[in-house]
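Below is one structure, written out as structure tokens; comments come after it.
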Amino acid sequence: MNNGNSRKQNNVMDMTEGNITKQLMLFSVPMLLGNLFQQIYNLVDSVVVGRVVGPNALAAIGATGSVTFLFIALCNGMGSGGGIVVSQKFGAKDETGVRKSLTNAAYLMMGMAVIVCVISYLLTPTILTLLKTPSDIISDAISYMRMMCLGLPLVAIYNYSSFMLRALGDSRGPLYFLIVSCLINVVLDILFVKVLGMSVFGAALATVISQFIAGAGCIVYSVKTNEFFRLSREDYNTDKKIVYDTVRLGVPMSLQFSMIAISCMGLQAVVNSFGSVAVAAFTATSRIEQLVHQPYTSLGTALATFTGQNYGARQDSRIKEGFKKSTIIMLTMSVILLIIMQIGGKAIVSLFVSDSAVIEMGAKGLKITSLFYAVLGMIYVTRGTQNGLGDALFAFINGIVEVIARIILPAFLVAIPALNVYGIWWSAGLVWFVSAVFCLMRYISFNKKHPME
């Protein structure tokens, strides 16, 4: 990595020099396309199960959603930590460090996947019982979740390779294989669920197989296109410092994701107390806002890689400039999304449901939460920056802040007569606001205490 030709040959993006806005956009757009594509195929996935098997089967899959996310998040947190270490080594032009970081991250992420796989498989019935899963769907829920648990190590292969490629500035490679994974998953869903009649187990099996194929392809792609993945015998040795740094950054991220998943379970309980119309409206708006999150998620991931590389290169002014330009990009997106939701919220909700009461409630909910999109975006901008700087404490504390806010605010706001059920959506926006304030405070205080030399 001594010259421009080497960077190009390695199929990486060096973000330590050049136009910042252009780099952030070039990096984040492929991720955004991939994330949106995945959301669309998730909807197709639900349609296949719901229409072919029935509403109970769809409910069984839905009942496992937050728990499955929790288990995957535990593995992905370690991958995120490894990606930050790789990006910092890359920015510092430490080729040996990059290669050792790739192997050590693989050991940790795959080891975590195996451990979580065993524990989650054994605890599946207990967890679903504690969550009061209805008796008429618990059998299917256990079947689906256990298959997903067994597949965690295979799913982790794709997640690992995508984390590492993005850390080196390659966001297009993971996109190609994500699209392949989505297409394979839809085909296998139809084969396993409709043709072979394997119900929810078939849906889970389709997901695991498609992710594994994408992961295997992504690994081959990495080796063929990126010199850092062509490892020597010495690169396979464990490095205590790299392991420590990866764990130091990865564990807080895993805990953050886990706490958010657990708090979402608590929020769902509040929603359930308002009856089926509220549940349907909240489900519809949640699906819509999963799409809303994607531009912010992509920008935040791009910023984490950008910041990590420039931190390794000791370019403090460039990091600050990246933060400013990302904020401008984020605010532009937020204004556009705000206008769309204020004007077209009812039409968007009607794409998911036909019940007029649900559409009316969901549209009003979107009008409320869209007022807070700018603070939601600020969370991702500051989170991407702090993660790239290696601020391990940030992720953990931010997770605690979100959990506390998500537990207290909904219960308080829905008790206000003037808000009633709409306190659910006001609480979502205020949780983002509280979290954004903390994120900004942490960004300011961290950079005062840790100025670059």
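The values are calculated or read from the model by the stated rules, or taken from the named source; none is laboratory data. Owing to the predicted nature of the structure, the values given are computational and were not obtained by experimental measurement. As a convention, Cβ positions derive from the backbone with ideal geometry for all residues, glycine included, and neighbour counts pool all protein chains shown. Note: areas computed on protein heavy atoms with side chains; ligands, DNA, RNA excluded. Shrake-Rupley method; radii C 1.70, N 1.55, O 1.52, S 1.80 Å.
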Single condition Ala113 does not satisfy, out of (1) at pLDDT below 90; (2) closer than 23 Å to Tyr244 by Cα; (3) open to solvent by less than 50 Å² (accessible area, probe 1.4 Å): (1)
Condition check for Gly377: open to solvent by less than 50 Å² (accessible area, probe 1.4 Å) and free of Cβ contacts under 8 Å to residues at least 12 places away in the same chain: no
Within region 394-439, considering residues that are touching a Leu at 6+ places or on another chain (Cβ under 6 Å) and open to solvent by 60 Å² or more (accessible area, probe 1.4 Å), the one modelled with the highest pLDDT: Trp426
Members of region 214-257 found to be without any contact (Cβ under 8 Å) to a residue 24 or more places away in the chain and β-branched (Val, Ile, Thr), listed by number: Val220, Val223
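Can you name every residue in region 278-299 that is within 25 Å of Ile424 (Cβ to Cβ) and under 15 Å from the mean Cα position of the chain (by Cα)?
Hits for region 278-299 are Ser286, Arg287, Glu289, Gln290, Leu291, Val292, His293, Gln294, Pro295, Tyr296, Thr297.
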Condition check for Ser135: modelled with pLDDT under 90 and not in a helix (DSSP H, G or I): yes
Test: residue in region 239-247 that is open to solvent by less than 40 Å² (accessible area, probe 1.4 Å) and either within 22 Å of Thr133 (Cβ to Cβ) or at pLDDT below 85 (or both): no
Set Ser276, Ser258: member being modelled with pLDDT of 75 or more and farther than 22 Å from Tyr373 by Cβ: Ser258
Flag for Arg166 being assigned to a helix (DSSP H, G or I), among the basic types (Lys, Arg), out of contact with any Lys or Arg (no Cβ under 7 Å at 6 or more places or on another chain) and buried (at least 23 other Cβ atoms within 10 Å of the Cβ): yes
Test for Ile209: is it at pLDDT 90 or above, part of a helix (DSSP H, G or I) and either of a type in the set (Val, Ile, Thr) or out of contact with any Asp or Glu (no Cβ under 8 Å at 6 or more places or on another chain) (or both): yes
Residues of region 143-157 satisfying the condition of being more than 15 Å from Leu123 (Cα to Cα), of a type in the set (A, V, I, L, M) and open to solvent by 20 Å² or more (accessible area, probe 1.4 Å): Leu154, Ile157
The listed residue being farther than 18 Å from Ala436 by Cα, part of a helix (DSSP H, G or I) and modelled with pLDDT under 90, out of Thr305, Thr301, Thr297: Thr305
Candidates Ile416, Ile343, Ile444, Ile407, filtered to the one that is touching a residue at least 12 places away in the same chain (Cβ under 8 Å), out of contact with any strand residue (DSSP E or B) (no Cβ under 9 Å at 6 or more places or on another chain) and of a type in the set (A, V, I, L, M, F, W, C): Ile407
Out of Ile142, Ile179, sole residue that is without any contact (Cβ under 8 Å) to a residue 24 or more places away in the chain and of a type in the set (Val, Ile, Thr): Ile142
Which numbered condition Gly250 fails, given (1) modelled with pLDDT under 90; (2) farther than 18 Å from Arg166 by Cβ: (2)
